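Participant: Let me give you the structure first, and then I'll get to my questions.
The values are calculated or read from the model by the stated rules, or taken from the named source; none is laboratory data. Note that the structure is predicted; figures quoted are calculated from it, not measured. Glycine also receives a Cβ, built like all others from the backbone with ideal geometry; neighbour counts cover every protein chain displayed.
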Ligand code: FA5
C-alpha cells in the first residue's frame, strides 16, 4: 500500500509537471484528489491494516495528498500568470502604427451651388421662402395668370395627382403664396429654392425632377433696371467679374415684359465657340416684371406696387460653372464625380 501511494504521488506530480493549461491541471486534480480517485481508493482499503500500520499509512496518505495539492496550486499560479501575460501580449497596441484614414464625404455639388446662390442673395437683403412640392393647380398656374385651358400651360408638362393637385412644375407658386401672405403690403424680397417636376424626357440637359431658385422683389418703384442690376451682380459673382449679361425678349404669362437672360460665354470670351453654339452667349434664366394680374390676384394694388421676378435652374448654373456635360451626373451618385467637388467652397 505504501508503494502504491508513492507510485501515485510520482505519477500525479509528473502529470502536474506536463499540464499545459488550467483545464489539463484541473483534470489531474479531479483524477488524483477527487472522491473517486485512486488515493481515496487506497484509503478505503485501510480497514484491512493492523492498528499499528493504520496511523502510519494515514499519515503517508495525507502527505501524498498534500504534496499533490501543493504541486497543483504552484502549477496553477504559474499557468495563470502565463495566461495573463499571453493575453496582454495579444492585446498590445502599437501606437506608432499609422492610423486608418476615415472617409469624409462632402456636400453635394448641387447643394453647394444652391447654398452659394442663397448666400449671395441673402447678402443683398433677400430672405428664403419655401413652399410645398405637391402643389395646388391654383398656385402653380392660375394665380400666375395661367387660367385652365391657357395654351402656355403646355410649356410645362405636369405630373397631376388629381385635377386640382400636381407636383409643382416650377418654384413660381412660392411667389404667389408669399405675396398672398403679405396682404397687399410691400416690400417683398425673397428667393425660393426647391425641387420641381416636369414630364420632360431625361437627356444631357433635361431631367424630370430638377431644382429651381425663384427670386421675387415687390415694392414701390421697382423697375426693369433693378432686375438687370441684380442679375448682373449675380452673374459676375457666380461666373467671374469679366462676364456680361444680356436680356432678350421672351414670354412668360406671369411677367410682362418677359426676358431670357444670357451670360457671355466663359469659354470663348463672347467670340463664339462650340459651347455657346457660335453665339458668344449662354442662356441662364427666365425673368421679367411681375404681371399686374399676378399682383392683383395676390392682393397688391398694381398701380402702387411693381416687381420683378426671375427663375433659374441651379443644375444648369452648376454645369456652366464647373463644365459638367450631363445633368444626370447630379443624380446618379457616382462618388468619382461627387469627390471632385469636395474641395469646392
Ligand atoms: C420657369 O420655370 C419660370 N417659372 C421661370 C421664371 C420665373 C420666369 C419668374 C420669369 C419670372 P423655365 O421653364 O424656362 O421657366 O425654367 C427655368 C429654368 O429651369 C430654365 O432656365 C432651366 O435652367 C431650368 N429647367 C427647365 N426645365 C428643365 C429640365 N427639364 N431639367 C433641368 N432644368 C430645367
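Participant: Considering only residues that are within 23 Å of residue 114 (Cβ to Cβ) and within 32 Å of the chain's Cα centre (by Cα), which ones fall in the stretch 140-157?
Facilitator: Across the stretch 140-157, the qualifying residues are 140, 156.
Participant: Do we have residue 307 as under 26 Å from residue 205 (Cα atoms) and either modelled with pLDDT under 95 or in contact with a helix residue (DSSP H, G or I) (Cβ under 9 Å, 6 or more places away or on another chain) (or both) here?
Facilitator: no
Participant: For the stretch 274-297, how many residues are out of contact with any strand residue (DSSP E or B) (no Cβ under 9 Å at 6 or more places or on another chain) and either touching a residue at least 40 places away in the same chain (Cβ under 8 Å) or surrounded by fewer than 15 Cβ atoms within 10 Å (Cβ to Cβ) (or both)?
Facilitator: 4
Participant: Would you pick out the residues in the stretch 298-328 that are surrounded by fewer than 21 Cβ atoms within 10 Å (Cβ to Cβ) and in a loop (DSSP other than H, G, I, E, B)?
Facilitator: 299, 301, 302, 303, 304, 323, 324, 325, 326
Every residue, every condition in (1) at pLDDT 90 or above; (2) over 30 Å from residue 218 (Cα atoms); (3) in contact with a helix residue (DSSP H, G or I) (Cβ under 8 Å, 6 or more places away or on another chain), yes or no:
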site: 65; (1), (2), (3): no, yes, yes
site: 76; (1), (2), (3): no, yes, yes
site: 82; (1), (2), (3): no, yes, no
site: 92; (1), (2), (3): no, yes, no
site: 103; (1), (2), (3): no, yes, no
site: 107; (1), (2), (3): yes, yes, yes
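Participant: Here's something else I'd like to know. One residue is enough: does the stretch 152-173 have a residue meeting the conditions surrounded by fewer than 20 Cβ atoms within 10 Å (Cβ to Cβ), within 16 Å of residue 316 (Cβ to Cβ) and out of contact with any helix residue (DSSP H, G or I) (no Cβ under 9 Å at 6 or more places or on another chain)?
Facilitator: Within the stretch 152-173, none of the residues are surrounded by fewer than 20 Cβ atoms within 10 Å (Cβ to Cβ), within 16 Å of residue 316 (Cβ to Cβ) and out of contact with any helix residue (DSSP H, G or I) (no Cβ under 9 Å at 6 or more places or on another chain).
Participant: Considering the stretch 174-189 alone, what residues qualify as being touching a residue at least 60 places away in the same chain (Cβ under 8 Å) and either surrounded by 21 or more Cβ atoms within 10 Å (Cβ to Cβ) or within 11 Å of the ligand (Cβ to nearest atom) (or both)?
Facilitator: Of everything in the stretch 174-189, those that are touching a residue at least 60 places away in the same chain (Cβ under 8 Å) and either surrounded by 21 or more Cβ atoms within 10 Å (Cβ to Cβ) or within 11 Å of the ligand (Cβ to nearest atom) (or both) turn out to be 175, 176, 179, 188.
Participant: Okay, next question. Please go through the stretch 223-248 and pick out each residue that is within 25 Å of residue 139 (Cα to Cα) and either more than 13 Å from the ligand (Cβ to nearest atom) or part of a strand (DSSP E or B) (or both).
Facilitator: 223
Participant: Only one of these is modelled with pLDDT under 95, more than 13 Å from the ligand (Cβ to nearest atom), under 26 Å from residue 219 (Cα atoms) and out of contact with any strand residue (DSSP E or B) (no Cβ under 8 Å at 6 or more places or on another chain): 151, 147. Name it.
Facilitator: The unique qualifying residue is 147.
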